[in-house]
Amino acid sequence: MQVPPAPPVPLTPPAPTVLSAPSVSSVTNESAQEAKTGGKSSPSSSMNKREKKMTSSLQPSGEKVSGKEGSPVDKLSRLQHEVFTLTEELKSQKELVRLLHKALEAAQQEKRTSKQFLSAAGEQERLELVRHKERCIADLDGRLEALLKDKEELEQRLAMQDCQVNELQQHVQLMMEKNNAKQEVILKLSEQRTVANSMGTETFCRLQEKIEHLKCAYLEAKNCQIESKYLVVLRRLQESKGLDSSQQEMVKRLIEDSLQGDKKDGFKLNPVSEYDDYGFKTIPDYEVEDVKLLAKIQALEIRSKNLRNNEMVDKPLRTRWANYLASRPLDQLAPSPELKGLIRCGIPVEYREQVWRWIVRTRTQVSRKWNPNRYQELRKHCEVSEHLASRQIRLDLHRTLTSNKHFSSPTSDAVQKLQRILLAFSWQNPTIGYCQGLNRLAAIALLVLKGEEDAFWCLVAVVEIIMPQDYYSKTLTASQADQRVFRDFLAEKMPRLMAHFKEHSINHSLITFNWFLVVFVESLVSDILLRAWDAFLYEGTKVIFRYALALFKYNEEDILKIHDNLEIYQYLRFFTKTISDGRKLMTIVFNDMNPFPMKLLKNRREFHMERLTAELLELERIQKEFVKEQQVECKDKDLDTAVNEDEEVIQTAVSLHHTS
């Protein structure tokens, strides 16, 4: 069945009356109304409605003017305004007509589509038309999805570009900050230059002289390094077995000339003093010619490091200490990470006595408050009665710090003070009394603190507070336990070295036991020794473990090159005295040996103390059983003697009987 086509809708031209442009809201409302009615209203009715609204909303401009006639100028301006208004309204009407034309074209297209659908010959054609429209819709959906994907990609690109822009902005900000910092530095340098230019001639000459002095010190340090390397080469040539007799003689002559070189030299800019600030010999005094060469090499290295460190390290460190102590009195110091870091770097000579005194008083304040005159009372007690350890103390006095000038003479003031300190301590701690090694601890305290009583309390702090209990007892139980703890740490930190010791049957405790007992006294050069004591007094016994491990780490490669048992022991006995680079050693101690928690040290000490105590108890039990067996054997011997005497009496009687 065919539906007759609808008659075409005539397009009526707009009325000649000039209309104002409808508002956007009115057009939108009308469209919404039509949508609600399902689009049943015809285009002509909607046009009539719009014309009515526009006609009613607009009034002639003449009606708004008051009845009174104005001047010609006013009339002209009013007419010009009306012309402008009418021109704008005409533009609006033209736009409206354009919109209506578009709407009409869409309606006609829809009408044609409906007409094709209704005029189709059969159901098959209509179905094909619907399918065609569906394909068009699907195609449009595909295009829409593609556009949405393109939109997402563009958004991602935009986000990435935003990130890049932010990074570039941050980079620009950093560059600006660097530029500002450089400008500030330039300004400061220019100010300093201005100040320098404004300084007097005398100050400028002083600075120039200082610069020249630094240059000379650097050159002399360089010369010491070269001379040290030259002596090392001579020593290797001396040890070489491939030289003939003439070459060996020449090497020997060169070594002799080098050893006597200092006597021939007339002037040294910074000569190494024979003794340091505490009276220790700066250059070891060896008797063997081969070891004298080592001493000369070590002296050159010490001189070189002193010249370099004086300006680069020691002066900045002194400045840091001066700034730290300037803001607080010494009696008001308190433990802090900043103070710990400064002490680890080393206390300068001018501040060491004061800082040590504060550390010792802090550690012994309870005992001192309880009995402030304790040392004087012990001194009086020593004068009244003699301790059993007095003889051993007098014997050890002459073996104390033999390389120190303050203890070189038996009648020196330092030796007399040391004797009084050790006798007082023997009464202070009757459990220990005196142990070999306490003389060295007290001597170091006396050299730094100078005062007899302060040195006594320093010895008390080390033996009774810092060190574990029974460290200096007759059995030295805690000292032996620490050697086992150190063995564990050595195996963990330096497994290659420990395996090397096991391979060649080296018992490191024969060397390290004395390190721990006297805290490296007479095992290290004085400068490094006192830096170790600075940290030891402040932090405690874990510093001993750190330094002991660091000493092996410092020379690990050299030890691994030795493959003879006897040579390894000989090397271990003196290698610590050849270490002259205290800064390098300190870096190994407090950086390379990390982590080193105190809790782990305590746990291992407790573990080995329990095992060692059990072993000592078992040994004591075995000794008691042995004593009992010896007593039984003695009784058996007595019985054998009695039997032999009876047999002799019987034999004598028999012989007499036969004679008679």
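Does Val415 qualify as being without any contact (Cβ under 8 Å) to a residue 24 or more places away in the chain and open to solvent by less than 30 Å² (accessible area, probe 1.4 Å)?
Judged against the criteria, Val415 is a match.
Of all residues in segment 542-567, count the ones that are touching a Leu at 6+ places or on another chain (Cβ under 8 Å) and farther than 14 Å from Met593 by Cβ.
Residues meeting the conditions: 2.
Mind checking whether some residue in segment 573-591 is aromatic (Phe, Trp, Tyr), part of a helix (DSSP H, G or I) and touching a helix residue (DSSP H, G or I) at 6+ places or on another chain (Cβ under 7 Å)?
Yes - at least one qualifying residue is present in segment 573-591.
From Leu158, Leu147, Leu174, grab the single residue that is on the phi < 0 side of the Ramachandran plot, without any contact (Cβ under 8 Å) to a residue 24 or more places away in the chain and open to solvent by 100 Å² or more (accessible area, probe 1.4 Å).
Only one candidate qualifies: Leu147.
Scan the helices (runs of 4 or more DSSP H) fully inside segment 336-421 and keep the ones with 1 or more residues being farther than 20 Å from Trp457 by Cβ and modelled with pLDDT of 90 or more.
Hits in segment 336-421: 337-345, 349-363, 390-397.
How about segment 563-577: which of its residues are within 14 Å of Phe520 (Cα to Cα) and open to solvent by 50 Å² or more (accessible area, probe 1.4 Å)?
Residues satisfying the conditions are Arg573, Phe574, Lys577.
Just the residues that are open to solvent by 40 Å² or more (accessible area, probe 1.4 Å), acidic (Asp, Glu) and touching a residue at least 24 places away in the same chain (Cβ under 8 Å), please, taken from segment 488-544.
Passing the criteria: Asp488, Glu522, Asp527.
So, in segment 499-532, how many residues would count as being closer than 21 Å to Val485 by Cα and in a helix (DSSP H, G or I)?
16
Go through segment 453-480 and give me each residue that's open to solvent by less than 30 Å² (accessible area, probe 1.4 Å) and not aliphatic (A, V, I, L, M).
Within segment 453-480, Asp454, Phe456, Trp457, Cys458, Tyr471, Tyr472, Ser473, Thr477, Ser479 qualify.
Does at least one position in segment 466-476 carry a residue that is in contact (Cβ under 8 Å) with a residue 60 or more places away in the chain, closer than 26 Å to Glu353 by Cβ and under 34 Å from the mean Cα position of the chain (by Cα)?
Yes, some residue in segment 466-476 is in contact (Cβ under 8 Å) with a residue 60 or more places away in the chain, closer than 26 Å to Glu353 by Cβ and under 34 Å from the mean Cα position of the chain (by Cα).
Has segment 440-452 got at least one residue that is closer than 24 Å to Arg357 by Cα, open to solvent by 10 Å² or more (accessible area, probe 1.4 Å), touching a residue at least 60 places away in the same chain (Cβ under 8 Å) and aliphatic (A, V, I, L, M)?
Yes, that holds for at least one residue.
For segment 392-407, how many residues are closer than 21 Å to Ser526 by Cα, open to solvent by less than 60 Å² (accessible area, probe 1.4 Å) and in contact with a helix residue (DSSP H, G or I) (Cβ under 8 Å, 6 or more places away or on another chain)?
Within segment 392-407, residues that are closer than 21 Å to Ser526 by Cα, open to solvent by less than 60 Å² (accessible area, probe 1.4 Å) and in contact with a helix residue (DSSP H, G or I) (Cβ under 8 Å, 6 or more places away or on another chain) number 6.
Checking Asp331 against (1) surrounded by 11 or more Cβ atoms within 10 Å (Cβ to Cβ); (2) under 22 Å from Ile465 (Cα atoms); (3) modelled with pLDDT under 90; (4) of a type outside the set (A, V, I, L, M), which single condition isn't satisfied?
The number of the failed condition is (1).
Could you look through segment 578-611, keep only residues that are over 29 Å from the mean Cα position of the chain (by Cα) and surrounded by 17 or more Cβ atoms within 10 Å (Cβ to Cβ), and pick out the one that is farthest from Pro468 (Cα to Cα)?
In this case the residue turns out to be His608.
I'd like to know if segment 547-560 contains one or more residues that are closer than 30 Å to Asp470 by Cβ and open to solvent by 30 Å² or more (accessible area, probe 1.4 Å).
There is at least one residue in segment 547-560 that is closer than 30 Å to Asp470 by Cβ and open to solvent by 30 Å² or more (accessible area, probe 1.4 Å).
The values are calculated or read from the model by the stated rules, or taken from the named source; none is laboratory data. Worth saying up front: this structure is predicted, and the values here are computed from it rather than measured. Positions of Cβ are generated from backbone atoms using ideal geometry, with glycine treated the same way; all protein chains shown enter the neighbour counts. In case anyone asks, the SASA skips ligands and DNA or RNA and just uses the protein heavy atoms, side chains included. Shrake-Rupley method; radii C 1.70, N 1.55, O 1.52, S 1.80 Å.
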